[in-house]
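Note sheet for the following structure.
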Amino acid sequence: MKHLYPFLFVFLWSTGFIGARFGLPHAEPLSFLLVRYLSVIGLMLAIALLSRAPWPRTLRQWGHIAVSGLLIHAVYLGGVFIAIKHGLPAGIAALVVGMQPLLTALGAGWLLGERVSARQWGGLVLGFVGVALVIGGKFGIQAELGSMLVPVLVALLGITVGTLYQKRFCAGFDLRTGSVIQFIPSAIVTALAIAVFTEFQIEWTGEFAFALAWLVFVLSIGAISLLNLLIHSGSAVNVASLFYLVPLSTALIAWILFGETLPPISLIGMVLAVAGVYRVVRKA
């Protein structure tokens, strides 16, 4: 069963566009994220208390889990949502964040002592080229992106450093209590950002309620729990390489649900990206 976790993670993570598609028209991005974080905290706290899940024994453990959550949730999601709000095409945002496996490989040796083989480096580069072809074929080359790139570059840094940090300092925490600890600082920082830079705005419609429920249960609980399990049991480089498959899975879901088509160059990119991930994760 565990061998299916990577495929399930990629599928669940790629459905995040459903929440954005239905929810963002009815909410300011950071407000959307804050309600999402608070919903996850309330739900997972109830589950943790009812199941008597273990909490970290030391303040150091609490701190490490909180920092990893702040990077993976608040910095990553906040950066992506803000970039898209300011006009950055979702495909370009996906391409920028798609550099995560390469950056993770660079940091894995330094922080974790993981050795990245020549075969894996080749797979990482091949996967990035594949993702670039998928996104470029669908959205084309966008000029004059300017400051719109800044938030998504911050998001890229957040998800990369957060993955390495969690693998290094707190890979084995309980998913129930750990989720509460991870999302609390994310909610606090997001609330402060709303107070300083914008205002809380949500239109409570049926579409928004669906999007919120989807992101809370499918993404923040389902996909994030799988990500935590994968970080605990696998190398940081192997886990990061799975993110190459997310834009491909998203494109396929969009084709099935919304009839969005892909040009031939994007289909070629899919094949290259899958081949690249295979080179990274297969045993020598």
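The values are calculated or read from the model by the stated rules, or taken from the named source; none is laboratory data. Keep in mind it's a predicted model, so treat the numbers as computed, not measured. Note: ideal-geometry Cβ built from the backbone for every residue, glycine included; neighbour counts use all protein chains shown.
Below are the figures for this structure:
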item: Selection within region 202-249 - of a type in the set (Ser, Thr, Tyr) and either closer than 23 Å to Arg176 by Cα or at pLDDT below 75 (or both); result: Ser220, Ser225, Ser233, Ser235, Tyr244
item: Arg36 surrounded by 17 or more Cβ atoms within 10 Å (Cβ to Cβ), basic (Lys, Arg) and in a helix (DSSP H, G or I); result: yes
item: Failed criterion for Phe173 (all others in (1) in contact with a helix residue (DSSP H, G or I) (Cβ under 9 Å, 6 or more places away or on another chain); (2) at pLDDT 90 or above hold); result: (2)
item: Among (1) modelled with pLDDT of 75 or more; (2) surrounded by 21 or more Cβ atoms within 10 Å (Cβ to Cβ) - the single one Val134 does not satisfy; result: (1)
